[in-house]
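I have placed the structure first, in the form of structure tokens, so that the comments after it can refer back to it.
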Amino acid sequence: MKKTLLLFFVFVNVLMVNAQTTEEIIQKVKIKLEKVNDYEAKGKMKTNVVFIKAPIANVKVFYKKPNKLRINNESGISFYPEGLSKY
């Protein structure tokens, strides 16, 4: 009896949960991104281009608001994505 009652309450609670729409989630992410003025991150970059055989590289990424991005490869060529101003 207790299991049945517990199962009933769990089922009713699941039905009453309101899920977020994709628009709400995207809007919340945009609000959080607007708060970011600059950042610096380290990572690994894999180049997936058929005619370029580049090894996995250790990179450092820099971003400054509004539209500045720089990617430094610690052991090779650094590059700046086209369309973004470098700093």
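The values are calculated or read from the model by the stated rules, or taken from the named source; none is laboratory data. Every value quoted in this text rests on a predicted model; they were computed, and no experiment measured them. Cβ sites come from the backbone with ideal geometry, for glycine too, and all protein chains shown count toward neighbours.
Observations on the model:
- Residues in segment 34-54 that are basic (Lys, Arg) and either in contact with a Cys (Cβ under 6 Å, 6 or more places away or on another chain) or outside any loop (DSSP other than H, G, I, E, B) (or both) were compared, and the one that is surrounded by the fewest Cβ atoms within 10 Å (Cβ to Cβ) is LYS44.
- Scope segment 22-49; condition modelled with pLDDT under 85 and hydroxyl-bearing (Ser, Thr, Tyr); matching residues: THR47
- Residue ID - modelled with the highest pLDDT, chosen from residues in segment 54-87 that are under 14 Å from GLY43 (Cα atoms) and among the polar types (S, T, N, Q): ASN58
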